[in-house]
1. Neighbour counts of other C-beta atoms within 10 Å: give me Lys156, Lys140 arranged from fewest to most.
2. For the modelled label position 7 Å from the Cα of Glu208 along Cα-to-Cβ, which residues of the stretch 126-145 have backbone nitrogen atoms closer than 16 Å?
3. Compute the normalised compactness of the stretch 122-171: alpha-carbon radius of gyration over 2.2 N^0.38 Å, N being the residue count.
4. How large is the Kirkwood hydrodynamic radius of the stretch 2-123, in angstrom, based on all distinct alpha carbon pairs?
5. Quick one: check the C-alpha center-to-center distance for the stretch 35-78 versus the stretch 170-191, whole angstrom.
6. Suppose R0 equals 25 Å; then what is the FRET efficiency for Ser176 and Lys156 from their Cβ-Cβ distance, rounded to the nearest 0.05?
7. Below 8 Å, C-alpha to C-alpha, sequence gap of six or more: please give me the relative contact order for the stretch 2-123 in percent.
8. Where a ≥ b ≥ c are the square roots of the eigenvalues of the C-alpha gyration tensor, would you call the stretch 1-73 rounded, which needs a/c under 1.5, or, failing that, prolate if a/b is larger than b/c, or oblate?
Amino acid sequence: MLDQLKDSNMYGVSACRPEESGYACFYDQRLNAYIAGIFGAYWLHHTETVKLNTTSFGDQFSYLKRNVSEAARRIGGSQTPCNYSDMNICSIMLSELLGKSRVSVPGDISVPPTDFQVSELTDITEVPLIIQKNRITNEKDPEKRKILQQQYDDLKRKRKTVDEALQKIAERINASRALSEKREVTLTYELKVVAEHFRKNLFDWEKEPHVVTPSHLQVLVNLCELGLKVESRVEAMFDVSEEIEVEVEDHMMRQRHTYILKQVFGTGASA
């Protein structure tokens with residue numbers, strides 16, 4: 001994590017605060033993809049339109065913080081770039097790292113043109129759902145469209161299950177406020193233990209990266225930062241994981257039952 005940088009001669013910039021999420025932008029209909037994030041878009045625009053040998057890292061960060069924050073605010077969101085560690089590096093020119101400007105820039109321009117605007121801003125947690133929904137809309141084959149719809153419904157169902165699981169965990173340890181707060185990480189060891197237990201026993205975000213969202217991870221951070229014993233949180237997760245296993249098995253049985261009925265009696269049958 002960048003906020004843990006302590007060494008001199010090291011400098012880092014993040015796209016947002018630890019408790020915030022980012023926003024995608026510039027949706028391409030042909031590709032059915034968002035081709036940038038607002039931080040990356042403004043960073044690239046700035047880098048391509050200023051004289052690198054007269055623009056400092058500090059100048060660039062001021063530009064990014066102002067424009068990224070304003071873009072997010074326009075849609076009622078919040079995304080605030082942050083810089084960390086050795087602030088002396090802020091006075092160093094960008095050319096020290098990036099070399100000469102790739103394009104000819106007139107004069108000593110350290111502020112890029114102001115006519116650049118990002119569009120189609122979307123919370124990154126919603127991007128997988130939007131992309132999948134567009135796939136469903138664009139698919140002509142009924143069978144393929146049905147499969148895509150099932151995948152879409154499955155993702156929404158799993159996200160809802162994560163919501164419910166975290167709510168149950170918070171209720172079991174009398175920590176309901178963890179569901180709404182936005183605390184910063186200070187107890188890194190406790191978070192590692194709790195997050196690993198959550199990943200291994202509840203939802204593995206490595207296998208299903210779109211199910212667990214930043215807001216879910218924020219709840220895990222909050223649960224750790226409340227100062228409760230790690231054992232109590234792990235025990236609550238274990239109990240909830242057993243409940244979820246039963247619910248998932250029941251859901252799968254209902255799906256199989258529905259499938260069999262449809263095969264026997266036609267598409268109008270239901271469990």
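Values in this text are rule-based calculations from the coordinates and carry no lab data. Predicted model only: the values in this text are computed from it and were never measured. Ideal geometry is used to build each Cβ from the backbone, glycine not excepted, and the neighbour counts take in all protein chains shown.
1. On the way: Lys156 13, Lys140 6.
Fewest-to-most ranking of Lys156, Lys140: Lys140, Lys156.
2. Backbone N within reach: 128-129.
3. Values: Rg = 13.7 Å, N = 50, 2.2 N^0.38 = 9.7 Å.
Working it through for the stretch 122-171, the quotient is 1.41.
4. Working: mean 1/r = 0.0654 Å⁻¹.
Hydrodynamic radius (Kirkwood, Cα only) of the stretch 2-123 equals 15.3 Å.
5. 32
6. Numbers: r = 24 Å, r/R0 = 0.95.
Step by step, r from the Cβ atoms, then E = 0.55.
7. On the way: 205 pairs, mean separation 49.1, N = 122.
It comes to 40 percent, rounded to a whole number.
8. Details: a/c = 2.14, a/b = 1.37, b/c = 1.56.
Verdict is oblate for the stretch 1-73.
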